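To start, the structure under review is shown below, and the notes come after it.
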Amino acid sequence: LDAQPASNVVIAMSSSDTGEATLSGTITFTSANWDTAQTVTVTGVNENIIDGNQSSTVTVTIVDSISDNDFSGVADQTVSATTTDDDVAGFTIVESDGSTEVAESGTTDTFTVVLDAQPASDVVLTVTSSDTGEATVNSPLTFTSANWDTAQTITVTGADDNLIDGTIGSTITIAVDDANSNDDFDAVADQTVSVTTSDDDVAGFTIVESGGSTSVDESGTTDTFTVVLDAEPNSDVVLTVASSDTGEATVTSTLTFTSANWDTAQTVTVTGADESIIDGDQTSTITISIDDANSDNNFDSVADQTVSATTTDDDVAGFTIVESGGSTSVDESGTTDTFTVVLNAEPASDVVISISSSDTGEATVTSTLTFTSANWDTAQTITVTGADEDVVDGSISSTITIVVDDGNSDDDFDSVADQTVSVTTTDDDVAGFTIVESGGSTSVDESGTTDTFTVVLNAEPASDVVLT
């Protein structure tokens, strides 16, 4: 105070903007301490608003009602207080667990974003991924003057690109959308978050058999299976397809997959092959392999896969007879006719065929034929020869029987049925008799001399012939 009061003098202090500066409420001077200066502390207030340095007025006033009346007319005095703004436009990112990692299977990770100071109007943040084929994010985020200090969550989701590319890093960029944000934030620098996406693509291929299995037969029927890659290659992948027994089943030789058609199944056709051997149903193995020299290196270590193909045997033990001219006829003068015999399938060992005539007095035949695994499909000829028996019996039919000699033949042919050929032998014997005169003529005289001639039948009769 400037003078000693008769009684207490109470002075009150007030701030024109308590949002910027606050101070103690009152001080009291007495007649004892009136000349001792008392300190008023002005305290800056953090209001989080980006408003620059702010001036406020501290008013010092005598509280008349409780102060010495001599001081009642003392005018108020003011002090100008400047509050320096410490609020800076910006935002803070916090990654969960300190890093951001996802996988191509679609796993997620998060980080949060919050403004560093209260904006006067909305602030819009855009969130973009440098590689949406590896990681995607939600965008944008909008902060208001009401929620500016509430952290908002960005969810990063792993994206499946099907490409065998290992673990890939991408960058999430968080930027202020200047056109739609409080101007105080326009100059705020972009921030980034590094994201690691773990690759779940494994080199390989998948086979699907039509009907769940692969079966063909020797008549040349086909069956199919498909092949498709499990992941996208960086370069071509060539698959070789090979049969363990091309005598039973043949296949398409190669398949080529590119980065464009890797996920389109390609068809392998298995075709039954006819090998003529009586060997029953056979199983062969179709092997599908990566052609390392001509394929993306990521696929070099992929294991071979196999498909079992069953080939149904259509070879049946048997033999076929073909008669020349469609029938077999001879006559007793010794003429011949032929028919051929050939096996219907290749034997594992020799097949011996015996041939017999039911009437060797009418027709004779070759006795045996031998077929091997080398000549089984070469027809062999049976010659039937007419036999002369002198009996006047007309044309006679006999039967040629063709039989597998089980004891000396491949067992597969043991049950083959006998076959027969009917042979007609034309009779050349004609009923008649022949006279031969001795000396070529017959002469006698009345003295009783004799001469002779002979009589013989021209053919054997079935019963007695009496000549008179």
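The values are calculated or read from the model by the stated rules, or taken from the named source; none is laboratory data. The structure displayed is predicted, hence computed values, not measured ones. We place every Cβ from the backbone using ideal geometry, glycine too, and count neighbours over all the protein chains shown. Keep in mind that these areas ignore ligands, DNA and RNA; they rest on the heavy atoms of the full protein, side chains included. Shrake-Rupley method; radii C 1.70, N 1.55, O 1.52, S 1.80 Å.
Annotations for the structure displayed:
- Computed from backbone phi with θ = phi - 60° and the Karplus coefficients 6.51, -1.76 and 1.60, the 3J(HN,Hα) list for segment 107-122 is 5, 10, 9, 9, 9, 10, 10, 9, 6, 8, 8, 6, x, 6, 9, 4 Hz; x is used for glycine and proline.
- Probe 1.4 Å, accessible area per residue of the chain, Å²: 50 Å²
- Here's how it looks for Glu389: its modeled amide H is under 5 Å from none belonging to a residue 5 or more places away or on a different chain.
- Remark: segment 454-466, residue by residue, has Karplus-estimated 3J(HN,Hα) of 10, 10, 9, 6, 7, 8, 6, x, 6, 8, 4, 10, 9 Hz, where x stands for each Gly or Pro and the curve is 6.51 cos²θ - 1.76 cosθ + 1.60 at θ = phi - 60°.
- In Å², nearest 10: area of Ser333 left accessible to a 1.4 Å probe: 80 Å²
- Working note: Karplus 6.51/-1.76/1.60 with θ = phi - 60° gives segment 23-32 the couplings 7, 5, x, 9, 10, 10, 9, 10, 5, 8 Hz, where Gly and Pro are set to x.
- Loop-located GluC sites (Glu not before Pro) in segment 353-449, at most 12 other Cβ atoms within 10 Å (DSSP): Glu446
- Accessible area of segment 265-324 belonging to carbon and sulfur atoms, whole % at 1.4 Å probe: 41 percent
- The listed peptides 371-382, 24-35, ordered by packing as a protection proxy, come out as 371-382, 24-35 (highest mean of other Cβ atoms within 10 Å first).
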